[in-house]
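Peer 1: Following this message is one structure expressed as structure tokens.
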Amino acid sequence: MHDIFRYEKYKSGIAMLKELVEGRVRLSDTEYAYGILRQAILEGLIRPGERLILDQLAEQLQMSRTPVREALLMLEADGLVQRRPKRGMVVRHYTERDVDEVYRLRAILEGEAVREAASRITAEELERMHHLCQEMEELIRRAPGLEAEQRAPWVRAIVAKNNEFHQTFIRASQFSLLQRVLRDVVEVPLIFRAFSWYTVDQLRRSNAQHEELVVALRARDAEWAERIVREHLELARTALLERLHAVKESESVNASE
């Protein structure tokens, strides 16, 4: 049985929820359960393939089964959990094929978005992207010295800035249908996993591509911008596939011993 409160910050869930909603709204039990479980899945506290047992989760969250059941249905709609015969709800497991397809499709869609954005993005949006690059660079500089308990908040911070960076040029494209399609394609757990698994050199290369993209957009060079986005997402795809392959090989060796 997994324990989503095994780390100190999850024992009450209050600190994490404050971070999620910035203290502005009052959460229902369903929203509270959804927020806790979603973050636990994203950060790997509940791992791919693990069962989500309703009674156990209700006990850990100290609430009735109904809001937990509703939270699980919301997570299923998000694509974070799947219903399996005879096993019930389990955390979605991403295969190498899933990663390959998601990142190849993202490259096509975000490449088109950035081409559209090249002629439409504002000076303010470009300045924001530049500042996000600087903030990510500072986070990357701190990465080698992180203690184990600091890793998850660090990943949350850099993923949030990375997502804002990408969303800025996607919104600037003013291509509303493309924006909706990308919301369905982008797999948030894969982004968390990518940043968890990147080496420092890969992180630096990724952010260097961000910085180059800002330069290309300032120059209003659509072809250059598209090429950078495609190379950037290929870096993420390759890093994830290499790590998934290594994990698979390690599991195979352990199973044969």
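Peer 1: Scanning region 173-187 for residues that are in contact (Cβ under 8 Å) with a residue 60 or more places away in the chain and within 13 Å of the chain's Cα centre (by Cα), which turns out surrounded by the most Cβ atoms within 10 Å (Cβ to Cβ)?
Peer 2: GLU187
Peer 1: Have a look at VAL188, VAL155 and point out the one that is out of contact with any helix residue (DSSP H, G or I) (no Cβ under 6 Å at 6 or more places or on another chain), β-branched (Val, Ile, Thr), farther than 20 Å from ALA225 by Cα and at pLDDT below 90.
Peer 2: VAL188
Peer 1: Okay, moving on. Among the residues of region 134-148, are any closer than 30 Å to LEU57 by Cα and in the same structural domain as GLU226 (by TED's automatic domain parsing)?
Peer 2: Yes, that holds for at least one residue.
Peer 1: Return the residue satisfying two criteria in turn: it lies in region 15-49 and is closer than 14 Å to GLU76 by Cα and not in a helix (DSSP H, G or I), and of such residues it is modelled with the lowest pLDDT.
Peer 2: PRO48
Peer 1: Right, something else. So, in region 40-70, of the ones that are β-branched (Val, Ile, Thr) and farther than 13 Å from LEU80 by Cα, which residue ends up farthest from the chain's Cα centre (by Cα)?
Peer 2: The selected residue is THR66.
Peer 1: Considering only region 136-148, state which residues are part of a helix (DSSP H, G or I), exposed (fewer than 14 other Cβ atoms within 10 Å of the Cβ) and among the charged types (D, E, K, R).
Peer 2: GLU138, ARG141, ARG142
Peer 1: Under 7 Å between Cβ atoms, which residue pairs at least 6 apart in sequence (or on different chains) link something in region 144-168 that is under 18 Å from ALA236 (Cα atoms) with a partner that is hydroxyl-bearing (Ser, Thr, Tyr)?
Peer 2: VAL155/SER196
The values are calculated or read from the model by the stated rules, or taken from the named source; none is laboratory data. Here the structure is a predicted model, which means the values were calculated and not measured. Counting neighbours? That spans all protein chains shown, and the Cβs are built from the backbone with ideal geometry, glycine included.
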